[in-house]
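Reviewing the structure listed below.
The values are calculated or read from the model by the stated rules, or taken from the named source; none is laboratory data. Just so we're clear, the structure is a prediction, and the values are computed from it rather than from any experiment. Every residue, glycine as well, gets a Cβ built from its backbone with ideal geometry; the counts of neighbours run over all protein chains shown.
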Amino acid sequence: MKGLALGTLVAALSVGICTVPAVAVAQRESPLPVASRMHPDSSATTLQEPPGGKYKKVSTLVALPDFIPGLGTLYADPATLPTGPFLAYDRQGHLVSSIYMIPLKDMNAQKAFSGLRIARAPADHADIVFNAGHPGVAEPHYHITVWYVSAQHAAQLAK
């Protein structure tokens, strides 16, 4: 059952990533006010930290460092926790990924996660990685990361 749930999630995420440009166009044309969108300035070529709006630096919300090796500097809207999105920035302040933390119990319960926002940046690749728990999300969960940078650039975040 867990394998089926994970396989379904991977397939759904793959379809979603293939439609990112269409989603981005739809979001640009959205009648929603700018403050309700993921990042307040979608016209910027390179999205910079801090993201503004309701997003707070995660290190001010839970016991985590400002820069997490392998992920970057994280920001999240506290109202969306634990799912996210968490916006991750490299050491130069450029947006590198959107991360979702999906509790294993919710996946096993076949809970739907619809309408998850992503930044208005082209997706390069995605990772789905199990995590046994950490400060802020203590229970077992999966990190679903939509990367806006190459795998090589993402690997540099580990340094």
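Quick look at the values:
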| item | result |
| --- | --- |
| Flag if residue 55 is among the aromatic types (Phe, Trp, Tyr) and within 15 Å of residue 145 (Cα to Cα) | no |
| Residue 100 vs. criteria more than 20 Å from residue 57 (Cα to Cα), buried (at least 16 other Cβ atoms within 10 Å of the Cβ), within 13 Å of the chain's Cα centre (by Cα) and among the aromatic types (Phe, Trp, Tyr) | no |
| Boolean, residue 84 is part of a loop (DSSP other than H, G, I, E, B), surrounded by 21 or more Cβ atoms within 10 Å (Cβ to Cβ) and of a type outside the set (A, V, I, L, M) | yes |
| Selected residue (criterion: nearest to residue 66 (Cα to Cα)) from residues of the stretch 110-147 that are hydroxyl-bearing (Ser, Thr, Tyr) and modelled with pLDDT of 95 or more | 145 |
| Matching residues, the stretch 101-132, being free of Cβ contacts under 8 Å to residues at least 40 places away in the same chain and over 27 Å from residue 52 (Cα atoms) | 104, 105, 106, 109, 111, 112, 129, 130, 131, 132 |
| Filtered residue count, the stretch 108-139, keeping only those that are touching a Lys or Arg at 6+ places or on another chain (Cβ under 8 Å) and more than 16 Å from residue 80 (Cα to Cα) | 3 |
